[in-house]
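Asker: Quick one: structure below, then a few questions.
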Amino acid sequence: MPDPTPADAPVITISQLSTRFGDHVVHADLDLEVRRGEIFAVIGGSGSGKSTLLREMILLQRPNAGSIRVLGVDLKDISDDAALALRLRWGVMFQHGGLFGALTVLENIGLPLREHRDLDDAAVDAVAAEKLALTGLEPEVGAQYPSELSGGMLKRASLARALALDPELLFLDEPTAGLDPESAGEVDQLVRKLRNRGGLTIVMITHDLDLLWQLADRVAVLAEGKVQGVGSMAELAQIEQPAFRKFFDGPRGRAAQERARSQ
Amino acid sequence: MLGSTMQAASTLANLGQLAVAIYEQTMALFGFIGECAAALAGSVAHPRRLRWRPILFNIRSAGFDALPIVGLLSFLLGIVVAFQGADQLRQYGANIFVADLVGISMLREFAPLITAIIIAGRSGSAYAAQIGTMAVTEEIDAMRTLGIQPLEMLVLPKIIGLLIALPLLTAFADICGVFGGMIMAQAKLGVGFAEFLDRFSKVVSVTSYLIGIGKAPVFAAIIAVIGCFQGMRTRGGADSVGRQTTRSVVQASFLVIVVDALFSIAFSVLDL
């Protein structure tokens, strides 16, 4: 499918987005733009609607009003065929992995290929093994089932599956949540490595201050249903509003900042 | 006085909430049935999109693997029916009528019903638990984002598999139930196997058999749809999986018995 958008057009454009659950307002006229090739992070307190925003961007949930354009396609009233075509252009890594428990890791990674590409089993396994190696997992892990993996390995395997179809856009939901510092650091490295492959746009939701300081090109702060500000962490650190201060003040915020500076 | 008024008001409020919840669930169920029907029609139009591996897997797990329990329980049911009838029949010297009793009641009613109830408890719950667990662990979401329709991957194979398996299981239950009745007839009434089968073939019409088998696909659809529906409605954590599983068994068993009663009325009106 030819890409109708020029190379410098935004990958994701969200305008006037509103979401409500009953009386509870999640998003009120939210606007956001993600540029091609950047690592974009969405942060916000719990209940600020960042997970809902992610679900709306990946067609798992519909907003009440407003428009979302991803890779040049308007998600509103999208046909089933167009939705399928779009889904094959992005990859999603879920917070808990979302790997299928009934399949081995290698089968999980190969599943999108088996479903959507006309490849024989050997070719599928070869590509899956390559993605597995890309995420730094040992080849033996491929034969294991998700329940046998540690948290960090699960996230890597999930990332390998998200990369199976060589997406242009990658969504990461809390890539380091629930990991020990060492595994979290390895995921940092992995995201950095992916960025260096070029062309890939990464959108992530995270609480991880180290990840934000070291990797995110731009960060959007979500609060009260709106984007309160967008910019690099250094820019956001200058803003004196309380919604921002909690990410920068306090011992953890300052420690992450210093670690980022010292590198 | 005030206390009792408030209590009445809160009872009324609870009743209202319950009614709204039941209404909402019923509407959601109709929506789900519609989605399944549309997906099924789509699969019939494009048979290559049907997923045969999970269908065959479901026929094995819901059908073949259930043979021992279905066989044993319907065998016992046949014994009980013959045993209960034996005393009454002997009083009138109508021993041979045990073949009528066992044959017609097993083939028309008991075999389809006991099979459906066992499968509702065994497979309906498994469907709800499997899909519910996948919903909790984000596997359903992951499936959608990978461009695989959960309905085509998870729900249709279960419905189609059970539509094939349950009539076969019912036929097996017929055989085991009648066999149980035969053993009891010989033990308590002195009716030999040859005598029993001779009478059986004369009085039990093919219609009785077909009516029993004909109910099975309807029960299969109820069990599979309710199980998958309750699984898909799982939200939140692991406790929700248990709740939805329980619901699927209760609702499927309930609906199977209600529909069986409706069948009885319909057949008597139709003179079958």
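Asker: For the stretch B:176-188, which positions are among the aliphatic types (A, V, I, L, M) and either touching a residue at least 12 places away in the same chain (Cβ under 8 Å) or surrounded by 24 or more Cβ atoms within 10 Å (Cβ to Cβ) (or both)?
Answerer: Matches in the stretch B:176-188: B:Val178, B:Met182, B:Ile183, B:Met184, B:Ala185.
Asker: Of all residues being in contact with a Leu (Cβ under 7 Å, 6 or more places away or on another chain) and among the aliphatic types (A, V, I, L, M) in the stretch B:117-154, which is farthest from the other protein chains (Cβ to nearest Cβ)? Just the residue, please.
Answerer: Within the stretch B:117-154, the match that is farthest from the other protein chains (Cβ to nearest Cβ) is B:Ile118.
Asker: Please enumerate the residues belonging to the stretch B:198-225 that are among the aliphatic types (A, V, I, L, M) and either touching a residue at least 40 places away in the same chain (Cβ under 8 Å) or buried (at least 16 other Cβ atoms within 10 Å of the Cβ) (or both).
Answerer: We begin by selecting, within the stretch B:198-225, every residue among the aliphatic types (A, V, I, L, M); these are B:203-204, B:206, B:210-211, B:213, B:216, B:218, B:220-225.
Result: B:Val203, B:Val204, B:Ile211, B:Ile213, B:Ala216, B:Val218, B:Ala220, B:Ala221, B:Ile222, B:Ile223, B:Ala224, B:Val225.
Asker: Does A:Gln241 satisfy the condition of being polar (S, T, N, Q), touching a strand residue (DSSP E or B) at 6+ places or on another chain (Cβ under 9 Å) and closer than 30 Å to A:Leu71 by Cα? Before the answer, list the steps.
Answerer: On the way: polar (S, T, N, Q): yes; touching a strand residue (DSSP E or B) at 6+ places or on another chain (Cβ under 9 Å): yes; closer than 30 Å to A:Leu71 by Cα: no.
It is false that A:Gln241 is polar (S, T, N, Q), touching a strand residue (DSSP E or B) at 6+ places or on another chain (Cβ under 9 Å) and closer than 30 Å to A:Leu71 by Cα.
Asker: Continuing with this model, one more query. Going through A:Ser18, A:Ser48 one at a time, which residue ends up being part of a strand (DSSP E or B), surrounded by 15 or more Cβ atoms within 10 Å (Cβ to Cβ), away from chain B (no Cβ under 14 Å) and out of contact with any Lys or Arg (no Cβ under 9 Å at 6 or more places or on another chain)? Outline the logic, then answer.
Answerer: Numbers: A:Ser48 fails: part of a strand (DSSP E or B).
A:Ser18 is the lone residue from the list that is part of a strand (DSSP E or B), surrounded by 15 or more Cβ atoms within 10 Å (Cβ to Cβ), away from chain B (no Cβ under 14 Å) and out of contact with any Lys or Arg (no Cβ under 9 Å at 6 or more places or on another chain).
Asker: I've got another one for you. So which residues in the stretch A:56-85 are away from every other protein chain (no Cβ under 14 Å), in contact (Cβ under 8 Å) with a residue 40 or more places away in the chain and in a strand (DSSP E or B), if there are any at all?
Answerer: A:Ala65, A:Gly66, A:Ser67, A:Ile68, A:Arg69
Asker: Something else: Where in the stretch B:99-156 are there helices (runs of 4 or more DSSP H), lying fully within it, with 1 or more residues that are in contact (Cβ under 8 Å) with a residue 60 or more places away in the chain and of a type in the set (Gly, Ala, Ser)? It would help to see each step written out before you state the result.
Answerer: Working: elements: B:111-119, B:125-136, B:139-145.
Hits in the stretch B:99-156: B:111-119, B:125-136.
Asker: Quick check: anything in the stretch B:66-87 part of a helix (DSSP H, G or I), over 27 Å from B:Ile119 (Cα atoms) and in contact (Cβ under 8 Å) with a residue 24 or more places away in the chain? First the steps, then the outcome.
Answerer: As a first pass, look at the stretch B:66-87 and keep what is part of a helix (DSSP H, G or I): B:66-87.
Filter again for over 27 Å from B:Ile119 (Cα atoms), leaving B:85-87.
Those still in the list that are in contact (Cβ under 8 Å) with a residue 24 or more places away in the chain too: B:86.
Yes, the stretch B:66-87 contains a residue that is part of a helix (DSSP H, G or I), over 27 Å from B:Ile119 (Cα atoms) and in contact (Cβ under 8 Å) with a residue 24 or more places away in the chain.
Asker: Which condition number in (1) within 25 Å of A:Glu115 (Cβ to Cβ); (2) touching a residue at least 12 places away in the same chain (Cβ under 8 Å) is the one that A:Ala237 fails?
Answerer: It fails just one condition, (1).
Asker: Out of all the residues in the stretch A:234-243, is one or more crowded, with 17+ Cβ neighbours inside 10 Å, modelled with pLDDT of 80 or more and outside any helix (DSSP H, G or I)?
Answerer: no
Asker: Now for a different question. How many residues, within the stretch A:93-123, are away from every other protein chain (no Cβ under 14 Å) and either surrounded by fewer than 21 Cβ atoms within 10 Å (Cβ to Cβ) or modelled with pLDDT under 90 (or both)?
Answerer: 5
Asker: Residues that are closer than 30 Å to B:Ser268 by Cβ, surrounded by fewer than 19 Cβ atoms within 10 Å (Cβ to Cβ) and modelled with pLDDT of 90 or more: does the stretch B:119-138 have at least one? Give the steps one after another, and end with the answer.
Answerer: Within the stretch B:119-138, the subset closer than 30 Å to B:Ser268 by Cβ is B:119-121, B:124.
Subsequent filtering for residues that are surrounded by fewer than 19 Cβ atoms within 10 Å (Cβ to Cβ) retains B:121.
Then keep just the ones that are modelled with pLDDT of 90 or more; that gives B:121.
There is at least one residue in the stretch B:119-138 that is closer than 30 Å to B:Ser268 by Cβ, surrounded by fewer than 19 Cβ atoms within 10 Å (Cβ to Cβ) and modelled with pLDDT of 90 or more.
Asker: Can I ask one more? Given the condition surrounded by fewer than 16 Cβ atoms within 10 Å (Cβ to Cβ), under 17 Å from the mean Cα position of the chain (by Cα) and under 18 Å from A:Leu54 (Cβ atoms), answer yes or no: does some residue in the stretch A:178-192 qualify?
Answerer: Yes, the conditions are met somewhere in the stretch A:178-192.
Asker: I would also like to ask the following. Please go through the stretch B:215-247 and pick out each residue that is in a helix (DSSP H, G or I) and touching a Ser or Thr at 6+ places or on another chain (Cβ under 6 Å). Lay out the reasoning, then the answer.
Answerer: Going residue by residue through the stretch B:215-247, those that are in a helix (DSSP H, G or I) are B:215-232, B:238-247.
Matches in the stretch B:215-247: B:Ala216, B:Ile226, B:Gly227, B:Gln230, B:Ser240, B:Val241, B:Gln244, B:Thr245.
Asker: Would a scan of the stretch A:128-139 turn up a residue that is among the charged types (D, E, K, R), part of a helix (DSSP H, G or I), under 22 Å from the mean Cα position of the chain (by Cα) and within 13 Å of another protein chain (Cβ to nearest Cβ)?
Answerer: No, there is no match, as no residue in the stretch A:128-139 is among the charged types (D, E, K, R), part of a helix (DSSP H, G or I), under 22 Å from the mean Cα position of the chain (by Cα) and within 13 Å of another protein chain (Cβ to nearest Cβ).
Asker: A:Ser147 is checked against (1) hydroxyl-bearing (Ser, Thr, Tyr); (2) assigned to a helix (DSSP H, G or I); (3) buried (at least 17 other Cβ atoms within 10 Å of the Cβ) and fails just one. What number does that condition carry?
Answerer: Condition (3) is where A:Ser147 drops out.
Asker: Cβ-Cβ under 6 Å, sequence separation 6+ or interchain: first residue in the stretch A:163-186 and on the phi > 0 side of the Ramachandran plot, partner surrounded by fewer than 19 Cβ atoms within 10 Å (Cβ to Cβ). Which pairs?
Answerer: Sorted first by the residue in the stretch A:163-186, then by its partner, the pairs are A:Glu174/A:Gln95; A:Gly178/A:Gly151.
Asker: Could you check how many residues of the stretch B:38-93 are surrounded by 15 or more Cβ atoms within 10 Å (Cβ to Cβ), of a type in the set (Gly, Ala, Ser) and over 30 Å from B:Pro150 (Cα atoms)?
Answerer: 6
Asker: Collect the residues in the stretch B:35-48 that are closer than 13 Å to B:Ala221 by Cα and of a type in the set (Gly, Ala, Ser), keeping them in residue-number order.
Answerer: Hit for the stretch B:35-48 is B:Ala37, nothing else.
The values are calculated or read from the model by the stated rules, or taken from the named source; none is laboratory data. No experiment lies behind these values; they were computed from the predicted model shown. As a convention, Cβ positions derive from the backbone with ideal geometry for all residues, glycine included, and neighbour counts pool all protein chains shown.
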